[in-house]
1. Going by the conditions given, is Ala56 more than 15 Å from the chain's Cα centre (by Cα), loosely packed, with under 14 Cβ neighbours inside 10 Å and hydrophobic (A, V, I, L, M, F, W, C)?
2. Looking at (1) under 22 Å from Ser110 (Cα atoms); (2) open to solvent by less than 50 Å² (accessible area, probe 1.4 Å); (3) near ligand 1 (Cβ under 9 Å from one of its atoms), which is the one condition that is false for Asn86?
3. Among the listed residues Phe40, Phe29, identify the single one that is assigned to a strand (DSSP E or B), free of Cβ contacts under 8 Å to residues at least 40 places away in the same chain and under 10 Å from the mean Cα position of the chain (by Cα).
4. In the range 6-19, which residues are crowded, with 17+ Cβ neighbours inside 10 Å and either outside any helix (DSSP H, G or I) or more than 11 Å from ligand 2 (Cβ to nearest atom) (or both)?
5. Specify the residue that is farthest from the chain's Cα centre (by Cα); the eligible residues are those in the range 3-17 that are more than 11 Å from Ile27 (Cβ to Cβ) and touching a residue at least 60 places away in the same chain (Cβ under 8 Å).
6. In the set Gly91, Gly80, which member is small (Gly, Ala, Ser), more than 16 Å from ligand 2 (Cβ to nearest atom), open to solvent by 10 Å² or more (accessible area, probe 1.4 Å) and under 22 Å from Cys5 (Cα atoms)?
7. How about the range 55-90: which of its residues are small (Gly, Ala, Ser) and either in contact with a helix residue (DSSP H, G or I) (Cβ under 9 Å, 6 or more places away or on another chain) or not in a helix (DSSP H, G or I) (or both)?
8. Scan Phe29, Phe40 and give me the residue that is within 16 Å of ligand 2 (Cβ to nearest atom) and modelled with pLDDT of 95 or more.
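The values are calculated or read from the model by the stated rules, or taken from the named source; none is laboratory data. Just so you know, these numbers come straight off a predicted model, no measurement behind them. Backbone-built Cβ (ideal geometry, glycine too); neighbour counts: all protein chains shown. For the accessible areas, the whole protein counts, side chains as well, though only heavy atoms, and no ligand, DNA or RNA atoms are used. Shrake-Rupley method; radii C 1.70, N 1.55, O 1.52, S 1.80 Å.
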Amino acid sequence: MDEDCIFCKIFAGSIPSKKIYEDEDVIAFFDIKPMAKVHFLIVPKLHVPSLKECDASHQALLGKMLLLVPKLAEAQGLAGFKTLINTGREGGQEVFHLHIHVFGGGPAGS
Ligand code: AMP
Ligand code: ZN
């Protein structure tokens, strides 16, 4: 738990979110500024800033997050989807708590 982190605040319940999945390790919720008709984030409850800080101790967690992608996409009615992990400021990352973006259903607003 990082007290300055938006995603940690979402798990703690102090910032609201449109949650679609939660278990002991992971949470998934819709992105607040969707870039596709369906756009959600899969986020570990452990505060890890980005993929760069991951090591072998995170292997099972990363595998779990990746395997959740098709399950949650199917639950959202998506036959196919795109995934994205922005890493580091130069990689377009804005929230420094590891997350996988999942996009589907075509561009937002189309
Ligand atoms: P990234 O650039 O990969 O760090 O993406 C961070 C994402 O988090 C952006 O797509 C934001 O729209 C999204 N985001 C920021 N704050 C919230 C929030 N409170 N609830 C849901 N999504 C958020
Ligand atoms: Zn965090």
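1. Values: more than 15 Å from the chain's Cα centre (by Cα): yes; loosely packed, with under 14 Cβ neighbours inside 10 Å: yes; hydrophobic (A, V, I, L, M, F, W, C): yes.
Spelling it out, Ala56 is indeed more than 15 Å from the chain's Cα centre (by Cα), loosely packed, with under 14 Cβ neighbours inside 10 Å and hydrophobic (A, V, I, L, M, F, W, C).
2. (1)
3. Of the residues listed, the single one that is assigned to a strand (DSSP E or B), free of Cβ contacts under 8 Å to residues at least 40 places away in the same chain and under 10 Å from the mean Cα position of the chain (by Cα) is Phe29.
4. Ser17
5. So the residue we want is Cys5.
6. Gly91
7. Matches in the range 55-90: Gly77, Ala79, Gly80, Gly88.
8. None of the others qualify; the one that does is Phe29.
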